[in-house]
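Input: a single structure, listed below in structure tokens.
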Amino acid sequence: MEKSLFVPRVERGRSIFRPQARRSVWAEMRRKWYLYAMLLPSLGLLVLFSYYPAALAMIESFYDWKPGISNTFVGLYNYQRVLTDKVFWISWRNILYVALWQFSIPFVIPILVAEAIFNLKSTRAQGVYRVAILIPALVPSIVTLMLWKWLYSSPRGGINLLLDAVGLHDYVRPWLGIPQTALAALLFMSFPWITGTTPLIYLAGLLNMTPEVLDAAKIDGCSTWRRIVSIDLPHLMGQVRLFLIFGVVGLLQDFGRFLALTGGGPGTTTMVPGLYLYKKAFGLDRFERAYTRLGDANAVGVILFFAILLLTYLAYRYARVSGSEYE
């Protein structure tokens, strides 16, 4: 049995309890050193494969880095070259369009789906829908990308075949091959935006509400819509904050679908910062040899790091302020 935090002190015939001095953090670590020793292998791997490459990238962003050839200090020249590149700013404009879309309809629909499942009377039906939503997440992402690539392909893609079948021949086009539709087609790819664990996490938050609150709302004559706005959404602010932060981080790191389907084209219509970094790192620009812009790529990575750090902080603080009175 652990010792009590309070020890008696006798003063003039009466017992007065005073707090026992707590051990310092370092004293506690020395006492349980074997537990912390077990963490050293994991911590070492984390430092080696996560923190060391990030720190090295920050250092090398000040060098004209050509692995195996030369490593010349150039100061802020890499940053100057990146920040004066028109394609770099086009990529940020495109990611702004992606963000405006991602945090609108695709962000709201999982909440509505969770509400729809939560309001089902049958628990069996709730279980069926939970499984049905999760099954598509088992399909590898590259398979999903190739499926959408076929749907958008021209002239025998799924969408164009459907348009031909219903007589809308004038609307047949290479959806990923023209600037007018390429970015919009990529943004629409996750339709209907309800698969995966996102709706289930929202649903878990709703199921965690105390029945007394729901019963009180029902007794007071609260409609379903009023309950969703006044009770459910404030209760889900923790989950909203989580997906807002993850969404910001994933948004600036995402480039896989842009690389696999359009390569940033046509032109620079679908160029995003992550893909811009990738092309700089591996020398995929039209007139560049391989490994000639690694310094630029590191500079872009550092800029992305601080942009993600700032936006994550703002997203966390905004969500916390919005939901602070309910937490």
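None of the figures in this text is laboratory data; all of them are computed from the coordinates on show. Only a predicted model underlies this, so the values are computations on that prediction, with no experimental measurement involved. With ideal geometry, Cβ positions are generated from the backbone for all residues, glycine too; neighbour counts draw on all protein chains shown.
Structure remark: mean-square fluctuation, Gaussian network model of the chain, C-alpha springs under 10 Å; the largest value among Arg173, Arg227, Arg293 belongs to Arg227. Scanning the chain for long hydrophobic helices, with DSSP H runs required to stretch 15 angstrom or more by C-alpha along their axis and to average at least -1.0 on the Kyte-Doolittle scale, returns 33-46, 86-102, 105-118, 123-134, 141-152, 237-253, 294-323.
About the Cα centre of segment 78-326, how large is the charge dipole given +1 on each Lys and Arg Cβ and -1 on each Asp and Glu Cβ? Please answer in debye to the nearest 20.
On the way: 21 positive and 13 negative charges, 94 e Å.
Using only the charged Cβ atoms, the result is roughly 460 debye.
Cβ crowding within 10 Å, taken as a proxy for footprinting-reagent exposure, orders Leu200, Leu176 from fewest neighbours to most as Leu200, Leu176.
Across Ile245, Ile142, Ile95, mean-square fluctuation computed from a Gaussian network of the chain (C-alpha pairs under 10 Å connected) peaks at Ile142.
Largest GNM mean-square fluctuation across Gly75, Gly157, Gly44, computed for the chain with C-alpha springs under 10 Å, falls on Gly44. Straight-line cross-link partners of Lys32 among the lysines, defined as a Cα under 25 Å from its Cα and at least 8 positions apart when in the same chain: Lys3.
Using Cα pairs under 8 angstrom and six or more residues apart, how large is the relative contact order of the chain, in percent?
Working: 311 pairs, mean separation 73.3, N = 327.
Once normalised by length, the contact order is 22 percent.
What shape does segment 76-192 take by its C-alpha gyration tensor, where a ≥ b ≥ c are the square roots of the eigenvalues and a/c under 1.5 counts as rounded, a/b above b/c as prolate, and the rest as oblate? Here segment 76-192 falls in the oblate category.
Would you kindly give the portion of the calculated P(r) for segment 29-144 that falls above 21 Å, as a percent of all Cα pairs? For segment 29-144, the fraction of Cα-Cα distances above 21 Å is 73 percent.
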